[in-house]
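The values are calculated or read from the model by the stated rules, or taken from the named source; none is laboratory data. None of the values given here were measured: they were computed from a predicted structure. Please note: Cβ atoms are built from the backbone with ideal geometry, for glycine as well, and neighbour counts cover all protein chains shown. When the accessible area is computed, the model is the full protein with side chains, heavy atoms only, and any ligands, DNA or RNA have been set aside. Shrake-Rupley method; radii C 1.70, N 1.55, O 1.52, S 1.80 Å.
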Amino acid sequence: YQIDPNNWSVVPIGDANKDVVLLTIDDAPDKYALDMAKTLHGLGVNAIFFVNGHFLDTEEEALVLKEIYDLGFPIGNHTYSHSNLSDVSIEEQANEIISLNDRVEEITGERPKFFRAPFGVNTDDSRRIAAEENMLIMNWTYGYDWEKEYQSKEALTDIMVNSPYLRSGANLLMHDREWTNQAMGDIVKGLQAKGFEIVDPKLIST
């Protein structure tokens, strides 16, 4: 698979199944990421956990990330402090991205292969830094869990599974939130019931 940079969807290479969706979880590992990882692992599906450095400051937080990684989940870079990269200097952008890669590698032994800028705001400099760090830039096709009307298990499950934006190759954005954690299993099952396979991020060409 590869990511289409024009709309951030997942595109099959060759005869790979086109009816796939990608699960991504941002702002990890705050409070619920490990529970989410265990839910997904129990369902036999994979996802990318995009992490922030300010959730990796303590040894306890590092252990949580290592456990998520050891369950088989790729760890993506969501910057150290979740700054809008268009508001900070080139030096700060580099620090936001590279220092987090260093921290993730220190914890897991592997540098992130995926980069997602906070708020989806990439700059020419962040694109260059990501390329130098051999990371694939990735935004998303839809997500809802930060909007007030979807901050419950039932409402979020319904919109994630029945969104008008759900189509083959959809790149689903979710966050480390209580209601998203509660809805995760039902979202996966709902997507599968509609005939979508949850794509393994490790099959995406970086």
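Looking at N84, N101 in this structure, which one is open to solvent by less than 10 Å² (accessible area, probe 1.4 Å) and either touching a residue at least 24 places away in the same chain (Cβ under 8 Å) or among the charged types (D, E, K, R) (or both)? Give the derivation first.
Details: N84 fails: open to solvent by less than 10 Å² (accessible area, probe 1.4 Å).
Only one candidate passes the filter, namely N101.
Out of all the residues in segment 8-18, which are open to solvent by 50 Å² or more (accessible area, probe 1.4 Å) and more than 17 Å from the chain's Cα centre (by Cα)? Hits for segment 8-18 are I13, G14, D15, N17, K18. Residues of segment 119-152 that are surrounded by fewer than 18 Cβ atoms within 10 Å (Cβ to Cβ), touching a Ser or Thr at 6+ places or on another chain (Cβ under 6 Å) and closer than 19 Å to P74 by Cβ: none at all. Answer yes if at least one residue in segment 91-107 is assigned to a helix (DSSP H, G or I), of a type in the set (G, A, S), under 30 Å from E60 (Cα atoms) and out of contact with any helix residue (DSSP H, G or I) (no Cβ under 7 Å at 6 or more places or on another chain), and no otherwise. So far as segment 91-107 goes, no, none of its residues is assigned to a helix (DSSP H, G or I), of a type in the set (G, A, S), under 30 Å from E60 (Cα atoms) and out of contact with any helix residue (DSSP H, G or I) (no Cβ under 7 Å at 6 or more places or on another chain).
Of all the residues in segment 176-194, those that are open to solvent by 20 Å² or more (accessible area, probe 1.4 Å) and either in contact with a Phe, Trp or Tyr (Cβ under 8 Å, 6 or more places away or on another chain) or farther than 27 Å from L136 by Cα (or both) number 9.
Does T108 count as open to solvent by less than 30 Å² (accessible area, probe 1.4 Å), at pLDDT 95 or above and at negative phi? Steps first, answer last, please.
Working: open to solvent by less than 30 Å² (accessible area, probe 1.4 Å): yes; at pLDDT 95 or above: yes; at negative phi: yes.
In short, yes.
Of all residues assigned to segment 19-32, at least one qualifies as being in contact with a Gly (Cβ under 8 Å, 6 or more places away or on another chain) and open to solvent by 30 Å² or more (accessible area, probe 1.4 Å).
Say whether the condition of being within 15 Å of N181 (Cβ to Cβ), of a type in the set (A, V, I, L, M) and free of Cβ contacts under 8 Å to residues at least 40 places away in the same chain is met by at least one residue in segment 34-54. The answer is yes; a qualifying residue exists.
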